[in-house]
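Student: I'd like to ask some things about the structure below.
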């Protein structure tokens, strides 16, 4: 993408609320994606979802403070590590830029500089009450930084003396930010010094000469992006700074779903916990995966590219994904990026390596008891054991008996027949699958397939005989 394309805001996301009207912002960056004030999980979800084509810059202007949890610093580091320029100005963006500029976040504007230099320290300097999206996020109270700027300019212009200006600013600072309206600020100043005659002038200054530096800084941020002056400004942060807490946040608070209909990952998980009929089994299998992962980490298990590719082949076979396009479509439906799928498959390959190590310890018949125990725990043992006993009663085979097997083509036909009849879907080449499933060889598997085939043929013949008997009755 050219810098000319970027100057209009292509590949840019701006988190904006009361600091600047949306129509004004769109005149500066008409192609940018403007989103509501940023909250915890929003930036992480944006980066991980890859929902914005060619995303290269994020501007943070406004964010939530008290309505819900604010954007976390490590979300910003995560975006920087992904190669995205992150800028901050005016409000929440200025605060986070002052805290994260050492890691590569770009701060813009006067408010950012005041926080970075220590002249401002409290979050409530930029906090205010505002309307919702339908109201255009319109401010309903004054941020303290604007009150300070307004009276500093009034002093410079000779409109008011410095003592009265300091009195009004102190009165505003002493109020909780939702109370900082014109009337309440002046009332608080009157309470501090009932004899200050310049408070009438102060009221006129607030009403007619208001200085909005939050707006000015928001404009400066958008203009910096339009000018392309920030493309190479962000640093790169090694992943080693990430913590287990960030990993938990990423897993829990990522927003999933289309715009306007999202849910946090944790909200989906909680719904499943209360509504999925097999949740206890899902939970236990998920914990089993975590246990295997922990064992893999403790033993520093690594996988080769060949092992990862083999795991991907297994995955595609199990999900019946016969093309790259089908894999991409599956990722879209399951709200994973291709990079996240690769991470998942690599993890599964590592876990399988641990399970194969366990297999070597237990020997070829390793699966017999664990598999039957798993059926018992799932409440399915009785049904499957009864079906196996029926097959053994109908077509008995002694353990270790020498049974003649047909040629290779007949064996392949037995395999195809089992797939058609029983939904059997090997996720490996047949010989490898047979060994992993506990068969002595592909020949041993073929003997079992032949028994299943013959059992189906017996049932088919019995049904055909019954059908002919009913047909004879009708003819007579």
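Student: Looking only at residues in region 423-432 that are assigned to a helix (DSSP H, G or I) and in contact with a helix residue (DSSP H, G or I) (Cβ under 8 Å, 6 or more places away or on another chain), which one is surrounded by the fewest Cβ atoms within 10 Å (Cβ to Cβ)? Lay out the reasoning, then the answer.
Tutor: The initial filter retains those residues of region 423-432 that are assigned to a helix (DSSP H, G or I), namely 430-432.
Now restrict to residues that are in contact with a helix residue (DSSP H, G or I) (Cβ under 8 Å, 6 or more places away or on another chain): 430-431.
On the way: 430: 16, 431: 14.
In this case the residue turns out to be 431.
Student: In region 111-129, what count of residues is obtained for those that are touching a strand residue (DSSP E or B) at 6+ places or on another chain (Cβ under 9 Å), part of a helix (DSSP H, G or I) and buried (at least 21 other Cβ atoms within 10 Å of the Cβ)?
Tutor: Residues that pass the stated criteria total 2.
Student: Would region 83-99 turn up any residue that is touching a helix residue (DSSP H, G or I) at 6+ places or on another chain (Cβ under 6 Å) and at pLDDT below 90?
Tutor: no
Student: Same structure, new question: Restricting to region 85-110, give me the number of residues that are surrounded by fewer than 20 Cβ atoms within 10 Å (Cβ to Cβ) and under 14 Å from residue 46 (Cβ atoms). Don't jump to the end; show me each part of the working.
Tutor: Applying the first criterion (surrounded by fewer than 20 Cβ atoms within 10 Å (Cβ to Cβ)) to region 85-110 yields 99, 101-104, 110.
Within this subset, residues satisfying the condition of being under 14 Å from residue 46 (Cβ atoms) are none.
The number of residues fulfilling the criteria is 0.
Student: I would also like to ask the following. Hey, can you tell me all the residues within region 148-158 that are over 24 Å from residue 222 (Cβ atoms) and surrounded by 16 or more Cβ atoms within 10 Å (Cβ to Cβ)?
Tutor: 151, 154, 155
Student: Would region 266-280 turn up any residue that is closer than 19 Å to residue 43 by Cβ and either out of contact with any strand residue (DSSP E or B) (no Cβ under 6 Å at 6 or more places or on another chain) or modelled with pLDDT under 80 (or both)?
Tutor: Scanning region 266-280, I find at least one residue that is closer than 19 Å to residue 43 by Cβ and either out of contact with any strand residue (DSSP E or B) (no Cβ under 6 Å at 6 or more places or on another chain) or modelled with pLDDT under 80 (or both), so the answer is yes.
Student: So in region 130-141, with the set limited to residues that are surrounded by 12 or more Cβ atoms within 10 Å (Cβ to Cβ) and under 27 Å from residue 105 (Cβ atoms), which one is nearest to the chain's Cα centre (by Cα)?
Tutor: Among them, the one singled out is 137.
The values are calculated or read from the model by the stated rules, or taken from the named source; none is laboratory data. All values derive from a computational prediction rather than experimental measurement. Virtual Cβ from ideal backbone geometry, glycine too; neighbours counted across all protein chains shown.
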